[in-house]
1. For a 30 Å ceiling on Cα separation, which of these pairs sit above it: K264/K364; K444/K507; K261/K323; K138/K296; K55/K113?
2. Once phi is turned into ³J(HN,Hα) by the Karplus curve 6.51 cos²θ - 1.76 cosθ + 1.60 with θ = phi - 60°, what whole-Hz value does each residue of region 143-151 show in order, with x for glycine and proline?
3. Apply the Karplus curve 6.51 cos²θ - 1.76 cosθ + 1.60, θ = phi - 60°, to the phi angles in region 475-488 and return the couplings in whole Hz, x for Gly and Pro.
4. If amide H atoms are built 1.01 Å from N in the plane of the peptide, which residues on other chains or at least 5 residues away come under 5 Å of the amide H of F291?
5. Once you place label points 7 Å from the Cα toward the Cβ at W485 and R394, how far apart are they in nm?
6. Enter the accessible area of E523 (Å², nearest 10), with the probe set to 1.4 Å and all protein chains included.
7. If you stretched the chain out fully between R127 and V48, how much longer would it get, using 0.36 nm times the residue separation minus the C-alpha to C-alpha distance?
8. Set the bar at 32 Å for Cα to Cα. Now go through K100/K161; K392/K421; K243/K349; K122/K383 and name every pair that lies beyond it.
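The values are calculated or read from the model by the stated rules, or taken from the named source; none is laboratory data. Quick caveat: nothing in here was measured; it's all calculated off a predicted structure. Here the Cβ positions follow ideal geometry from the backbone for every residue, glycine too, while neighbour counts run over all protein chains shown. What goes into the accessible areas is simple: the full protein's heavy atoms, side chains included, and nothing from ligands, DNA or RNA. Shrake-Rupley method; radii C 1.70, N 1.55, O 1.52, S 1.80 Å.
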Amino acid sequence: MSPSLFNFVDAKDKFAVRTYLIWSIMFVFSRCSETEKKSTLDQALRGVLGEQIQKSGCDDYLALIYLSIDAVTEGICSATTPFLLLGDVLDCLPLDQCDKIFSFVEDNVSTWKSNSFYTAGKNYLLRMCNDLLRRLSKSQNTVFCGRIQLFLARLFPLSEKSGLNLQSQFNLDNITVFNKNEQESTLSQKHTEEKEDSMEVEEGEMGEDDAPAPCSIPIDYNLYRKFWTLQDYFRNPVQCYDKFSWMTFLKYSDETLAVFKSYKLDDMQASKRKLEELRAAGGEHVYFAKFLTSEKLMDLQLSDSNFRRHILLQYLILFQYLKGQYCLKGKHFCVLNDDQATWIEDTTKLVYQLLREIPPDGDKFATMVEHILNTEENWNSWKNEGCPSFVKERTIDDKPKRPTRKRQAPEDFLGKGPDRKIFMGNDELTRLWNLNSDNMEACKSDSRSFMPSLDEFFAEAIEQADPANMVEEEYKVVRNPNYGWRALRLLSRRSPHFFQPTNQKFKSLADYLDSMVSKLAKELPDIPSEEIKTGEEDDDDNGDNLLKDSNDSPSIQSKLVTNQQMDDIAAKLGAQWRTLASHLDMKAAELREIETDSEEADMQAKLLLVAWQDREGTQATVENLTTVLNAAGFSQIADSLNEA
């Protein structure tokens with residue numbers, strides 16, 4: 001019999017009837033108050049549902065619930081009515097029909113999250129889901145239970161307090177039951193029989209793929225008991241903070257992991273071939289919500305890659321909990337000692353190694369697990385902080401101000417055209433302005449650093465000051481007014497001698513520059529100042545004679561304090577330069593001039609040393625300055641000066 005065709009007329013009539021019914025109800029209710037309208041329709045809908053439950057199917061229930069949703073949208077029904085109808089239906093139907101009703105609930109999650117339904121119905125939906133979970137079996141209805149949990153995760157936001165385990169409580173009802181009576185165990189007898197049977201098998205009767213992997217540790221009742229006892233620690237990790245329980249867990253874990261390490265599984269190729277055979281046969285993966293703890297399955301479980309991965313993953317989850325900080329109910333944070341932390345660190349590496357050795361795709365699985373556990377650290381930190389909301393409220397100050405409308409200038413003038421060129425009125429200004437988009441950066445460019453160094457600028461003047469070169473006074477560069485002006489500007493920026501007061505009187509700028517050239521010739525390390533001579537003997541009376549007599553020995557010259565040494569000492573002295581000034585016999589007027597010339601402590605210390613050098617002349621040696629530093633209590637600075 002061919003399926004019936006879609007009848008557009010019947011569908012239109014049904015839709016028209018439904019629309020006419022809604023508009024008829026709205027017309028009647030228009031004469032009542034809002035409270036009377038909603039109360040009357042709420043009671044009528046629940047009454048109709050009570051009559052349909054005994055003689056109708058799921059489609060009729062869903063049609064009535066759809067009607068209530070439309071009524072809430074139109075404002076003639078209470079927002080809680082659809083949830084009350086859903087609760088009544090799920091309470092009265094068997095589990096197989098509840099599955100179909102819950103599919104309707106899942107499909108309309110966007111409706112439940114809308115403003116009209118969420119506030120009124122979130123508690124009803126939570127209570128309805130909890131009632132369903134109590135009726136379902138966690139081992140037989142695993143998929144249905146998972147669907148309910150996923151629905152709640154989609155419905156509520158992440159920061160919903162009712163869905164968060166803020167106090168780190170554990171499901172202590174998840175108890176793994178196994179045989180704890182050794183007298184009733186059959187593992188010892190079975191192991192003996194298998195050993196005798198294996199001796200009867202001749203070598204070569206089994207293929208390479210079918211040969212069992214060698215096991216260095218026998219599977220007896222003690223291993224069985226210790227292995228399944230570990231599940232109690234996985235169920236309640238708080239036991240590991242107890243000293244006696246930790247020692248038991250440590251012993252049982254070492255033996256279990258030793259079995260995993262010695263009892264190898266099939267290689268990758270064999271496992272892939274078996275997996276392909278299983279897929280070709282149409283087999284599907286079977287999931288068990290609880291472990292099967294039968295003694296007869298112990299050998300098979302140790303040979304199952306999925307089973308091993310479950311156990312090893314439990315270890316990693318437990319270790320992550322123990323290494324982290326979690327606020328327990330009624331307790332403070334628990335912390336491991338050094339020995340426990342070391343054992344956990346070593347065992348974690350062993351567990352990852354075992355995961356990589358388990359076929360198939362061991363490396364890929366271990367990498368994925370490590371990535372997931374690292375991601376979980378962020379969630380743990382978020383929960384320890386009290387699960388703050390991910391939505392940040394914008395303060396009043398942060399709200400953007402309404403922009404004012406401005407008259408837009410031409411794009412070419414603002415430099416936003418295709419060539420991004422700014423026109424300044426004439427070609428030359430335009431060229432100069434567009435050399436660089438940022439004028440300040442252009443001014444800071446290294447290519448614009450025109451100030452020379454002292455040794456470069458005064459090299460020619462120092463060379464001419466040497467009597468051996470026999471340069472006449474009128475031909476020296478210091479006699480050039482242009483050179484003298486530039487020399488004064490450079491000295492004001494680079495040399496402290498420019499600001500040093502002196503009693504010597506100069507007749508002209510050339511005479512002053514001759515004196516400064518003599519000082520610079522002594523300070524600059526690359527210029528042989530001992531060869532320069534001057535005929536101005538009156539500098540000795542004022543302490544400004546910085547040129548050496550030709551009879552001075554190089555050993556004395558090498559002991560003079562250099563400009564670099566004074567910079568280092570000034571940086572170390574800092575604000576303590578006044579202590580050294582009292583030992584250098586500096587006058588109060590000189591100290592006031594130093595304080596007036598500069599406000600920086602390092603520069604004031606440098607001016608103090610320069611004044612002392614100008615006064616002492618050839619006696620401004622390293623030995624004399626070291627003696628003064630030791631007397632002033634700066635022994636460390638004196639030692640560094642001697643080492644230099």
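1. Exceeds cut-off: K444/K507; K55/K113.
2. With the stated coefficients, region 143-151 comes to 5, 5, 4, x, 4, 5, 5, 5, 4 Hz.
3. With coefficients 6.51, -1.76 and 1.60, one gets 9, 6, 5, 5, 7, 7, x, 5, 5, x, 5, 5, 5, 4 Hz.
4. none
5. Label-label distance for W485 and R394, simple model: 6.0 nm.
6. Spelled out: E523, probe radius 1.4 Å, area about 20 Å².
7. Fully extending the segment from R127 to V48 adds 26.1 nm.
8. K392/K421
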